[in-house]
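Here's the structure, in structure tokens; my notes come after.
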Number of protein chains: 2
Amino acid sequence: MKTREEIVSYLKGLRSRICEAFEKVEREGGGTGRFERKDWSYSKGAGGGEMSVIRGQVFEKAAVNWSGVEGAKFPGDDASGPFFATGLSLITHMSNPKAPTAHFNIRYIEAAPAGGGAGRRWLGGGFDLTPMGFPYDEDTRQFHDAARAALDPFGKELYPRFSQAAREYFTIPHYQRERGVGGVFFDHFSTGDLERDLAMWRGVGEGFLPALLPVLERRIAAPYSEADRQTQLKRRAQYVEFNLLYDRGTQFGFRSGGNAEAILCSMPPLAAW
Amino acid sequence: MKTREEIVSYLKGLRSRICEAFEKVEREGGGTGRFERKDWSYSKGAGGGEMSVIRGQVFEKAAVNWSGVEGAKFPGDDASGPFFATGLSLITHMSNPKAPTAHFNIRYIEAAPAGGGAGRRWLGGGFDLTPMGFPYDEDTRQFHDAARAALDPFGKELYPRFSQAAREYFTIPHYQRERGVGGVFFDHFSTGDLERDLAMWRGVGEGFLPALLPVLERRIAAPYSEADRQTQLKRRAQYVEFNLLYDRGTQFGFRSGGNAEAILCSMPPLAAW
């Protein structure tokens, strides 16, 4: 898997598998939500994206976005020439306050220097878990164990490094604490062996559902009170704050002239301040 | 009115008059909300702030913040030396979707160069109106007429200039449209005649309630549907997007190490995406 086409094809396939898995959770939880797809075109260059959004009973709202765009200059880097970026990005907002919010993303980027010449290619990605005020050690442990299991085949040093990076990245500076219970995060990743790097990256892609689904299974039918719901809505507000104030993906999206609806479809269905 | 003490005293007095006026609207509208005050200290220097928040029936949430802080270096400007900034900032989120959201701010700033020497002093401020999906020409006209009436005594050129600045400032780039129906906005204002500038600035301060109160009176008891409520909650989401992604006051607040609770207390009580 090395060409753009193969990478895009993997991402779209994973998108479809995740949507199917979530629809199964929705259905088995007694919900009737289905993913609806909407495509968009990249106004500043070629390509575009496909956003899939479910608004159900188990999944109050979840969005799974694939995008693949190319343009004349890498956004935010004046020394850059033509770029290509493709990725999958997902956020789940559950109805049940006891069920955490999850975020997953993998991305592949190529950027050439402005004057021409050999470009760079790098990878980024990861997944992390954010309890909405109700953290469970069992969930945190299992989620991190699954992340480690996904990464260990590609190097025992990766999980410690990427989970530390997640602790740093998913910190809300104005509260001086992590937004959730972490996970794994990597960016600008390139060892020089693209085939090997892509195998690791795909390992993260395959690792996400096994990390999240058991957590959802344990929580989506948990009893909760109206006060718990209020707690959840206030936690979601902090998620909004992080995403709009600090998240690199959001900022890259707006800077690159991305589709506003696609960038913002990760926002929670309801949030309270 | 030229000393810091006089300026702070004016701001605090105006804060109290606005809170009283809003509590009267709340009471006459059948609500029981009262402003509650919470003080905070500036962690990166001297001073702090006083935030007043009401969560009532007519005012679903409104926040009126006074702050006065000083520090060693103007935030975001490495060439700056000691600074002093004081201001009043408010946002109203009404229960009734037919009643617009209003924002008002006036601020006074002193900043000295890093090496010492004569500093600069400037003023900023303005107020603007954002219907939550239900604009009324009558409200827009009356609000702008009041803004013009507040500014005209200080120069007929001010209202056209400041209302144009508001059109530009209160634009949401990712939707390529204004967030509301405008108002007046000015920043870095200094003619060299501080006494005269402060008189205009105070004129804006005095002009806010006469601009807003008649609008509220017309709308807070208007009939509305659950669909109207949903429209309101989605409009509020765009307000959140503007404030967190683009608003200079929010960015100044976070950059200067301001109190997160005070910066974010302008956020709506509930918003939907």
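The values are calculated or read from the model by the stated rules, or taken from the named source; none is laboratory data. Predicted, not measured: the structure shown is a model, and the values here were computed from it. Neighbour counts run over all protein chains shown; Cβ positions are idealised from the backbone, glycine included. To get the accessible areas, we keep the full protein, side chains included, count just its heavy atoms, and leave off ligands, DNA and RNA. Shrake-Rupley method; radii C 1.70, N 1.55, O 1.52, S 1.80 Å.
Values computed for the structure shown
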quantity	calculated
Long-range neighbours under 9 Å by Cβ, at least six apart or interchain, first residue of a type in the set (V, I, T) within the stretch A:157-171, second open to solvent by less than 70 Å² (accessible area, probe 1.4 Å)	A:T171/A:E178; A:T171/A:R179; A:T171/A:F242; A:T171/A:Y246
Output for the stretch B:99-145, where each listed residue is of a type in the set (F, W, Y) and over 28 Å from B:V240 (Cβ atoms)	B:W122
Cβ-Cβ under 8 Å pairs, at least 6 apart or on other chains, the stretch B:215-236 side in contact (Cβ under 8 Å) with a residue 24 or more places away in the chain, far side among the acidic types (D, E)	B:V215/B:D139; B:R218/B:E138; B:R218/B:D139; B:R219/B:D139
Test: A:F154 is hydrophobic (A, V, I, L, M, F, W, C), open to solvent by less than 20 Å² (accessible area, probe 1.4 Å) and closer than 29 Å to A:F74 by Cβ	no
Residue within the stretch B:2-20 that is farther than 27 Å from B:Y169 by Cα, touching a Leu at 6+ places or on another chain (Cβ under 7 Å) and part of a helix (DSSP H, G or I) present	no
Tabulated pairs, the stretch A:252-273, first in contact (Cβ under 8 Å) with a residue 60 or more places away in the chain, second among the basic types (K, R) and open to solvent by 30 Å² or more (accessible area, probe 1.4 Å), C-beta under 8 angstrom, 6+ apart or interchain	A:S256/A:K44; A:G257/A:K44; A:E261/A:K38; A:P269/A:R55
Helices (runs of 4 or more DSSP H) enclosed by the stretch A:178-273 - at least 2 residues per element that are open to solvent by less than 40 Å² (accessible area, probe 1.4 Å) and within 14 Å of chain B (Cβ to nearest Cβ)	A:226-245, A:248-255, A:260-264
Scan of the stretch A:61-78 for residues that are more than 15 Å from A:E36 (Cβ to Cβ) and assigned to a strand (DSSP E or B), ordered by number	A:S67, A:G68, A:V69, A:E70, A:G71
Top-ranked residue of the stretch B:3-23 - restricted to ones that are acidic (D, E) and exposed (fewer than 13 other Cβ atoms within 10 Å of the Cβ), ranked as nearest to B:F104 (Cα to Cα)	B:E20
Some residue of the stretch B:64-85 being under 30 Å from B:Y224 (Cβ atoms) and buried (at least 22 other Cβ atoms within 10 Å of the Cβ)	yes
Single unsatisfied condition, A:I106 versus (1) in contact with a helix residue (DSSP H, G or I) (Cβ under 8 Å, 6 or more places away or on another chain); (2) without any contact (Cβ under 8 Å) to a residue 60 or more places away in the chain	(2)
